[in-house]
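Here the structure comes first, spelled out in structure tokens, and everything after it is commentary.
The values are calculated or read from the model by the stated rules, or taken from the named source; none is laboratory data. Since this is a predicted model, take the numbers as computed values, not measurements. A quick note on method: Cβ atoms are made from the backbone with ideal geometry, for glycine too, and the neighbour counts reach across all protein chains shown. Side chains included, ligands, DNA and RNA excluded: accessible areas come from the protein's heavy atoms. Shrake-Rupley method; radii C 1.70, N 1.55, O 1.52, S 1.80 Å.
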Amino acid sequence: MATPTHLNSCSSTTFTASSSFNNDTHHLSSRFVIVPRKPHSFTWVSHSQTRLRIHSKTHFHLKSSNGHPLNTVSLQDGSAGTPLPKKHVESRGKEGSLPFPESDNSESTLSITVVGASGDLAKKKIFPALFALYYEDCLPKNFVVFGYARTKMTDEELRNMISRTLTCRIDKRENCEDKMDQFLKRCFYHSGQYNSEEHFVELNKKMKEKEAGNLSNRLFYLSVPPNIFVDVVRCASLRASSENGWTRVIVEKPFGRDSESSGELTRCLKQYLTEDQIFRIDHYLGKELVENLSVLRFSNLVFEPLWSRNYIRNVQLIFSEDFGTEGRGGYFDNYGIIRDIMQNHLLQILALFAMETPVSLDAEDIRNEKVKVLRSMRPLQLEDVVVGQYKGHSKGGKSYPAYTDDPTVPKDSLTATFAAAALFINNARWDGVPFLMKAGKALHTKRAEIRVQFRHVPGNLYRRNFGTDLDKATNELVLRVQPDEAIYLKINNKVPGLGMRLDRSDLNLLYRARYPREIPDAYERLLLDAIEGERRLFIRSDELDAAWQLFTPLLNELEEKKIVPELYPYGSRGPVGAHYLAANHNVRWGDLSGEDS
């Protein structure tokens, strides 16, 4: 991927927000109506009832990731446009749905355009996720996939490229090869420049041919560097947006480098898009264990009363990779580990963990609570942060390179490949509780987890059985996001026998044992939500602003003072400074105890 450049301006030409991309206010004929959503509801299901289906009828019955039924006739995105006139809406029937006249023209076609189709993200994640959704019958009956990039390629060459990354991983049913062939027949390619309106006109013509006069809903996935975002959105808005359905755009991180560049990017995008059309994707929010975080807390009485400073001593959010930059050095050096992982992935998880109970499961209610958390956080100070950079190391006769050995990285680079930080939330629930973040590359293991360490038992009758190290007696709740998804609770119990010997044991929910069916990839969940207009797992602009306001002063200080990162060996547990940081807050990193390695 090319190294992104700093965004200085939206475009050399000025465009207003009245472009055709704001097309969610289309005038539909009276045969198209919006069916209101039903209230949120959850149902208990058996292991075999996990498959989501979309019927091939005009009236779809969809479920998004929050268990919310989405019943729609035209799939028009009403939230971004004006309400339909009353004459278009008929009285509600007994079942809560709207009757509508049958018409051959009432079908819709979903057109998904992957911009940057020749890149690694598209090949490794986006196209396989779309196939998995098709394989599971989660896509509408009428859909088509377009790849768009500068690379010259035919439809057949695109299909061959995609086919090498598609797998029948879900349950290896016998019809997988047939489904793969059917999916590839729906994939087409158009080569063009990202800033060429003329080339997007040609793309629009191809899309109309495949839509065959149906109501068209269009989703653009921008799998390109951020310095290209605005050009693509401008061309798509003016030349390839839907004329009679909704148009949505998925934007990949990074969303700028700091508050200023992020705000500029948002302002430029909003010249052509409304906020409801922008889906800022953070794939960690689509991870199964992150999704389960709010379920664990809000639907289990045993946890919610404990979820505060009264019982929780500290919270740890840990991300580690056991490999270095490996070819991404040029890109990574422009951002570093804080921008790449902490400001987005880990901070989003922290906000979900710490938020108050939302009014409902609606996207806006949840995102409102997340924003409150971010705005309540204490500004990060330099003394609450440790940065590191991995150095070369030899182990077992094998040599591992240093970060600066990467030919795309400057030899004098001060970019951090490791960072640890202590954050605090200034509100009644979390006052004084340290939230410790740690993220790094080239560490001893690969993992992402949330660790909740509870307070010591006051007046513990069995204190003498644990000796002086009371941390060994601390209850700890662990949500392992990856690999080997699991939820486990560390408790103290008596070892069977005549004596009184205590042991620390795990109450363990290992997903692969409890749910043998493979867990869908995060991109599958997020793509399906974007198609259905479910915004709960996507980042709103004020969330993004609050996140950058928290980290930008720290990042500026690190760069202005040219803070030299502490070196740590490739494959180690990170710099020693991270241990001192935790000790300053009377915390011991939970992943270094040796029990979870």
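Data overview
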quantity: Considering residues of region 146-185 that are outside any helix (DSSP H, G or I) and hydroxyl-bearing (S, T, Y) only, the residue modelled with the highest pLDDT; calculated: Y148
quantity: Check on K124, open to solvent by 40 Å² or more (accessible area, probe 1.4 Å) and either among the aliphatic types (A, V, I, L, M) or under 28 Å from L238 (Cβ atoms) (or both); calculated: no
quantity: Residue check for V386: modelled with pLDDT of 95 or more, open to solvent by 10 Å² or more (accessible area, probe 1.4 Å) and either within 21 Å of V576 (Cβ to Cβ) or not aromatic (F, W, Y) (or both); calculated: yes
quantity: Any hit, region 121-132, residues being under 23 Å from E518 (Cα atoms), out of contact with any Pro (no Cβ under 7 Å at 6 or more places or on another chain) and in a loop (DSSP other than H, G, I, E, B); calculated: no
quantity: Residue match in region 367-383 (condition: out of contact with any Leu (no Cβ under 7 Å at 6 or more places or on another chain) and surrounded by 24 or more Cβ atoms within 10 Å (Cβ to Cβ)); calculated: no
quantity: Odd one out for Q348, checked against (1) closer than 21 Å to P565 by Cβ; (2) buried (at least 19 other Cβ atoms within 10 Å of the Cβ); (3) at pLDDT below 95; calculated: (1)
quantity: Number of the exception - H199 against (1) surrounded by 23 or more Cβ atoms within 10 Å (Cβ to Cβ); (2) part of a helix (DSSP H, G or I); calculated: (1)
quantity: Residues of region 103-120 that turn out to be part of a helix (DSSP H, G or I) and touching a residue at least 12 places away in the same chain (Cβ under 8 Å), as a count; calculated: 3
quantity: Unmet requirement for K398, which otherwise passes all of (1) buried (at least 19 other Cβ atoms within 10 Å of the Cβ); (2) modelled with pLDDT under 90; calculated: (1)
quantity: Complete set of residues in region 538-597 that are open to solvent by 30 Å² or more (accessible area, probe 1.4 Å) and of a type in the set (D, E); calculated: D542, D545, E557, E559, E560, E566, E595
quantity: In region 266-292, the residues that are open to solvent by 10 Å² or more (accessible area, probe 1.4 Å) and in a loop (DSSP other than H, G, I, E, B); calculated: K270, Q271, T274, K287
quantity: Residue check for V295: free of Cβ contacts under 8 Å to residues at least 40 places away in the same chain, within 18 Å of the chain's Cα centre (by Cα) and part of a helix (DSSP H, G or I); calculated: yes
quantity: Sole residue being over 23 Å from N344 (Cβ atoms) and not polar (S, T, N, Q), chosen from K441, K411; calculated: K411
quantity: Total residues in region 406-426, condition surrounded by 15 or more Cβ atoms within 10 Å (Cβ to Cβ) and either at pLDDT below 95 or part of a loop (DSSP other than H, G, I, E, B) (or both); calculated: 8
quantity: Checklist (1) open to solvent by 20 Å² or more (accessible area, probe 1.4 Å); (2) under 23 Å from K152 (Cβ atoms); (3) aliphatic (A, V, I, L, M) applied to A212, failing item; calculated: (2)
quantity: Region 508-537, residues that are part of a helix (DSSP H, G or I), among the aliphatic types (A, V, I, L, M) and loosely packed, with under 15 Cβ neighbours inside 10 Å; calculated: A513
quantity: Test: residue in region 133-144 that is within 21 Å of R517 (Cβ to Cβ), open to solvent by less than 60 Å² (accessible area, probe 1.4 Å), in contact (Cβ under 8 Å) with a residue 60 or more places away in the chain and part of a helix (DSSP H, G or I); calculated: yes
quantity: Counted residues, region 482-507 - those being in a strand (DSSP E or B), aliphatic (A, V, I, L, M) and touching a Leu at 6+ places or on another chain (Cβ under 9 Å); calculated: 5
quantity: Matching entry among S261, S237 (being more than 20 Å from I337 (Cα to Cα) and small (G, A, S)); calculated: S237
quantity: Members of region 310-324 that are open to solvent by 10 Å² or more (accessible area, probe 1.4 Å) and out of contact with any Leu (no Cβ under 8 Å at 6 or more places or on another chain); calculated: N310, Y311, R313, F323
